Every structure is written in structure tokens, then in C-alpha cells.
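The values are calculated or read from the model by the stated rules, or taken from the named source; none is laboratory data. Not measured: the values here are computed from a predicted model. Counting neighbours? That spans all protein chains shown, and the Cβs are built from the backbone with ideal geometry, glycine included.
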Amino acid sequence: MTEKHASFSIKNWSQDDQPREKLRDKGKAALSDAELVAILIGSGSRNESAVDLCKRILVSVGNNLNELGKLSLKQLMAFKGIGEAKAITIAAAMELGRRRRGEEALEKKKITSSISVFELMQPIIGELPHEEFWIIYLNNSNKVIQKQQLSKGGITGTLVDVRLVLKMALELGATGIILVHNHPSGTLKPSEADKQITQKLKRAGESLDIKVLDHIIVTEEAYFSFADETLI
């Protein structure tokens, strides 16, 4: 290893600058995003430290960890110093973070508002490139009994099996349901199909005393609530 190359190795930095030691001595909150990612990859390239490399990667995604999580292995490997193993390590860490967000949301089992639905479902469907339609089944205390994917792909009224939705509600003892689907385009405006599905399920549920409490459209960063907008 040349002297120039050695100077960029984390083990040759002063202790205050070494991410691993910094995390150990000062706590994980003291580290920047780039330093945390640098711990994952361990080393940079011949002419760039791990932290500088990670800073460059983060700048390419607007310093947004959600955007970093969307990069494919091929896109990560386009950066000099990131081989397949390092790209896989970054992708795995980002996926763990996404799943952790989902599990934290699951702990908030009681649905108290439209934003609590968004917090529950955004980690699951908010960043998908395709549409998915989900049903959240609630008991009479508005606590989540179960959530279930109903369809995947384009949304039309024909994709909603009302009997299946209500059969599941009866089996679970649910007294309320919330409809949720995502708009990969980012638009929050409900389509006519969205409105028709909502009314179709609302009418069908009334005879069984199962209320459709809301229909939430989720995007990556925001949501639209039929109940908040008095459309239900």
C-alpha cells in the first residue's frame, strides 16, 4: 500500500475522526449520515476516504436517506470505490432502516387520526413504483386487528372483491375498515375509481354494521384523507 493510499484508510486517521471510535466514545447520534455509511463500507478508494466517498454519494441523492435507499446496486457501484459487496451492505442497511420504520409504526396500533394511518402504511407502500390497495381492519376501539393487501397494480372497481373484504372483516370481528392505496406519481387527487371503490365498500358494509372509516391515498411524503375532506 502506498503512503498516499494509506493516508485514506480509516485506521490511519486521528481517533477523533474515526467513525467507529467516534460512535463508541460519543454515541451514534454524534455521527453524520456520511460517517454512519462510512462505517458500513469501511474504506474508500485510492484517492478518497470512506467518509468523503459517502458524502459524495449522499450529495448525489440530495443528502436524503430515503433517496439513498432507492438506489440500485448498479447505481451504487457506479461510484468509484463501491464494489458489489459494499453496495449490498449499503442496500441491506437501508432496507433494515425501512423495516424498522414499519415496525415502529406497527406499535401504534390504535388509529386516532388520518396521520396515524399514514405513519403505519407509508413505510410499506409509500415508495413503491406500482400501486397497491390495502385494507386495515379495526376493532371497536379503533385498534388494528390486521392489515391486508387487496390488490396490486392499477386500481379499478373490478379489482375490489367486496365479498372477500367483508368476509375477512366478519372473521376478524372487525367493526371498521380503512382503505389505503398509494399513488406512485405523487399526486394526491383521488380518481373517480377511487371514489367509486369507497362508496361501493361503504354501502356494502352498512348492512353488516361495518363502517368504512376512511380512505387514505399515500405518496412518499404526504397523504390525502377522504374523511378529512368530508368525501366519505
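List of remarks:
- Count - residues of segment 202-221 that are modelled with pLDDT of 90 or more and either part of a loop (DSSP other than H, G, I, E, B) or within 27 Å of the chain's Cα centre (by Cα) (or both): 11
- Candidates are the residues of segment 60-82 that are closer than 18 Å to SER49 by Cα and in contact with a Gly (Cβ under 8 Å, 6 or more places away or on another chain); the one that is surrounded by the most Cβ atoms within 10 Å (Cβ to Cβ) is GLY81.
- Condition check for SER32: on the phi < 0 side of the Ramachandran plot and modelled with pLDDT under 85: no
- Qualifying residue in segment 155-173 (condition: in contact with a Gly (Cβ under 8 Å, 6 or more places away or on another chain) and small (Gly, Ala, Ser)): yes
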